[in-house]
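**Student:** Shown below is the structure under consideration.
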Amino acid sequence: MDNYEVNVLTRKGGWKKLPQEIFDNKINSKQDNSDNLNINVNIDDVDNSDNKNFDSNLFENFTEINNIIKKLKVVEKEKHSLINQLNNLVKNFENRKNSLDKKLTNIQKEKEMYDKAINLISSLKSM
């Protein structure tokens with residue numbers, strides 16, 4: 001089994017032929033001739049203090065978010081209160097406008113009555 005060909009799948013999805021010398025060197029450098037794969041997994045060293053800071057920052061962030069939500073609720077209540085005040089003002093303005101419309105209608109009717117009275121007096125004078 002001296003002459004063999006090794007094809008390796010590349011990241012781009014194609015196949016690449018590796019020369020036989022590379023594999024021969026790797027096989028010779030291994031102490032164990034088993035078919036097991038040697039996989040080296042690098043574990044990132046994470047500082048424990050960073051984890052503690054992250055956790056405390058995480059909880060601080062949650063409390064900060066909670067405080068912001070509470071403030072937003074207060075602002076929302078104030079907004080509704082102001083909207084209610086505006087609605088009351090609109091109702092008051094509409095009531096006053098309706099009252100003035102009635103007064104204006106009564107004044108127009110009274111004016112028409114005076115016009116009719118003046119016309120009647122003028123027609124009586126001309127007889």
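Where a number appears in this text, it was derived from the coordinates with a stated rule and is not lab data. Predicted model, so just to flag it, every value in this text is computed and none were measured. Reconstructed Cβ throughout: ideal geometry from the backbone, glycine too, with neighbour counts over all protein chains shown.
**Student:** Between beta-carbons, use under 11 Å as the cut-off and find the net charge around residue 72, counting Lys and Arg +1, Asp and Glu -1.
**Tutor:** Result for the local shell: +3.
**Student:** Under 20 Å between alpha carbons, and skipping anything fewer than 8 positions from residue 79 in its own chain: which lysines qualify?
**Tutor:** Residue 79 reaches 70, 71, 91.
**Student:** What length, rounded to one decimal in nm, is gained on full extension from residue 5 through to residue 112, with 0.36 nm per residue of separation minus their alpha-carbon distance?
**Tutor:** Once the chain is fully extended between residue 5 and residue 112, it gains 27.0 nm.
**Student:** For the residue pair residue 64 and residue 76, what label-to-label distance in nm results when each label sits 7 Å from Cα along the Cα-to-beta-carbon direction?
**Tutor:** 2.2
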